[in-house]
Amino acid sequence: MRVKALVIRILKQFKRDKRTMALLILAPILVLSMLYLVFGDDDYSPRIGLVDIPEEIADQIDLSEAEITYYDEESSAYQDVEEQNLDAYLTIEANQPSITLEGSDPVINSAVLNWMQEAFEPLTGESSSQLDATFIHGNEDMRHFDYFGPVLLGFFIFFFVFLISGVSFLRERTRGTLERLLSSPLRKWEIVMGYVIGFGLFTIIQATIISTYSIFVLGMMMEGTYIYVLLITLFLSFSALTLGILLSSFAHNELQMIQFIPIVIVPQLFFSGLFNLETISGWVSWIGPLTPLYYAADALRNVMVRGLGFEHIYIQLLVLLSFSVVFVVMNIIVLRQHRRV
């Protein structure tokens, strides 16, 4: 009977906590659905440019299994590869094919070179390893860790800042500290900015340590300027910090704060570029641009893998800053519900 009473009490707790009941069912469905959408589409088709290829040669090349764009000048094809509108472009000099790859993604590099092998096998019988390949970014020895590393770096910084800031602010509220501040002469925006700056100082230290360890200890590829990496991770940390504080206002305990992870954090990982966004179902690809990690991962890759400068990342930085500003404003609005009349 005592065991029965304990079981009934636990079931009643779950019945009262509808959020936990929904999480147990909906979170696995959400994650599995995203995995299906990410891995369920066809294989990636490389985007190849053909630069002034003689017609008699083009007719003998197998152009299937790739998206082909024709160019009259190599400079135009090179620019499209730099802007990531193409994965590679092909030229032929003295009957010798040569391919120039964007080079920053080892998976795409492999797809391009495999296509080259199949395309030219009927014509030359040569494997892709015998063809002249040039990499604009990266090289043939580039590791998968070098390409995925910037995304993982941004993800772990975002995840832990979000979690720690949310739980810490939740404790401030449950212990009554926030209520005492709200009853003081401090204005709501002053309280929010005080917490953001206070927690922000620690996130700066955290982001710096993690970035430094990843690059200088683990040997993650670093082609650009290190200070830009710190700047990107700093802006990302503040967006995670302000979002964590915001969502903590809707949680009553640490468990409920953790429940936001599969809803807020996991989707960002799927649409941040860890998986090729070209193969994700189009009807859900719009989720990526609505998340901070989408822009941070792109900026980190531009700096760390492609070696690009500030002119190629300032837009992503502005978007990350905009996320933080929006979350701060929403925090100020939400604080009104905690003020006792």
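The values are calculated or read from the model by the stated rules, or taken from the named source; none is laboratory data. These numbers come from a predicted model, not from an experiment. When we count neighbours, we look across all protein chains shown, and the Cβ atoms used for this are built from the backbone with ideal geometry, even at glycine. For the accessible areas, the whole protein counts, side chains as well, though only heavy atoms, and no ligand, DNA or RNA atoms are used. Shrake-Rupley method; radii C 1.70, N 1.55, O 1.52, S 1.80 Å.
Is the range 241-252 home to any residue that is within 17 Å of the chain's Cα centre (by Cα), hydrophobic (A, V, I, L, M, F, W, C) and under 20 Å from ASP146 (Cβ atoms)? No, the range 241-252 contains no residue that is within 17 Å of the chain's Cα centre (by Cα), hydrophobic (A, V, I, L, M, F, W, C) and under 20 Å from ASP146 (Cβ atoms). Checked against the criterion of being assigned to a helix (DSSP H, G or I), surrounded by fewer than 21 Cβ atoms within 10 Å (Cβ to Cβ) and within 18 Å of the chain's Cα centre (by Cα), the candidates VAL229, VAL266 yield just one match: VAL266. The listed residues are GLY224, GLY244, and the only one of them that is more than 25 Å from MET193 (Cα to Cα), of a type outside the set (A, V, I, L, M) and either in contact with a Leu (Cβ under 9 Å, 6 or more places away or on another chain) or surrounded by fewer than 19 Cβ atoms within 10 Å (Cβ to Cβ) (or both) turns out to be GLY224.
Scanning the range 296-318 for residues that are open to solvent by 40 Å² or more (accessible area, probe 1.4 Å) and either in contact with a Ser or Thr (Cβ under 8 Å, 6 or more places away or on another chain) or not charged (D, E, K, R) (or both) returns PHE310, HIS312, TYR314, ILE315, LEU318. Flag not set for SER129, criterion: of a type outside the set (Phe, Trp, Tyr), at negative phi, modelled with pLDDT under 75 and assigned to a loop (DSSP other than H, G, I, E, B). Being at pLDDT 85 or above and closer than 30 Å to PHE275 by Cα is a description that applies to LEU247.
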